[in-house]
C-alpha cells in the first residue's frame, strides 16, 4: 500500500478542548459529503451530555455522528475496543461513498486508529491481577511502583505511583508478555496502516484565548446543570470508569462535604486547562498535523477555508 490512491482516505480534526472541533467537523462534513466519527473517550458514555460537552442536535447540523452516547457509565471500554468499532465505521461510511471525518481530542484513540495499531499483544489474567491487587493492598503503592521499575523502567517513569490501576496493568502486561511496554508497542506497529489521513489540528495560537474559552465552557456547563448530571450518575454508579471525566471527579469532594461548590467548579476549570495543555503536548509530537488558528470565531469562514486548503493539498479526495 505504498500508493496513497490505494489507501482509505480519512480526515482527522483534532486539538485541545474548546478549540472548535465540533463546529469545524460538522461544517467539513457538510461541504465534503462526510460523516463524523467521534474520537472522545468520554462522549461514548450515556448520560454525560453536559460534562463531556457532547454536541447537541443543533451543533451536529444533520450530519451523522458515530461512536457517541452508546455505553453505560459503568461499562469498561478500551482503546482496542475503540479502534475495532472505528474501523468498522470507516468501512461503512466509505461503502456509502462518504468521507470519514474523525473528530476529537483523545490522541491515543486517534493515533491507534490512524496508525493501525494492533492489540494482539494485549493479554490479561484475572488471577494474576487479583494477586497483584492484594500485594498492593498489603505492601502499598510505592512497593508496586518499584516492582514495575524492575520490570520496565520507562513505564515506571511515565506512570505516577498513585495511579495504581495503570501500575498494576503495566506489571501484568510485562509478566504475561515477557516484554516491556515499549517492546509491545513496537510489535503493535508492524502492520502498515490502510489509511491515508489528512490531519488538521485546531487550537488558539494565543494560549490565553483558549484558556478563557475553556473557563467560559465550564461556566456554561454549570448553567446547563452539570451538578445535577454528575450527582445522578454518582448516586447510581459510584466510582466507576466514567469518573475519569473532568467535571466528575472534581465534584465528588463537594458531594462528600470536603469542599464548597465554588471550589469544585474552580477545580474543574483548572483541570480543564491542564487537560488542554496535555492534549497540545500529545498532538504536537505528530508532524503530520497541520495547524489552524481558531482564536477568532467570527472568522469561521476563514477557518474553514484554511481547513479545506489543507484537505486539497493532501490530495486524498
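Please treat every number below as a calculation from the coordinates, not as lab data. Here the structure is a predicted model, which means the values were calculated and not measured. As a convention, Cβ positions derive from the backbone with ideal geometry for all residues, glycine included, and neighbour counts pool all protein chains shown.
Summary table
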quantity	calculated
Packing-based ranking, highest mean first, of 39-48, 145-154 given that Cβ atoms within 10 Å are counted	39-48, 145-154
Among 68, 251, 144, residue whose mean-square fluctuation peaks in a GNM of the chain (springs only between Cα atoms under 10 Å)	144
The stretch 126-187 shape via C-alpha gyration tensor axes, a/c threshold 1.5	oblate
Burial order of peptide ranges 99-105, 171-177 (average beta-carbon count within 10 Å, highest first)	99-105, 171-177
Estimated FRET transfer efficiency when R0 is 45 angstrom, pair residue 182-residue 91 (beta carbons, to 0.05)	0.90
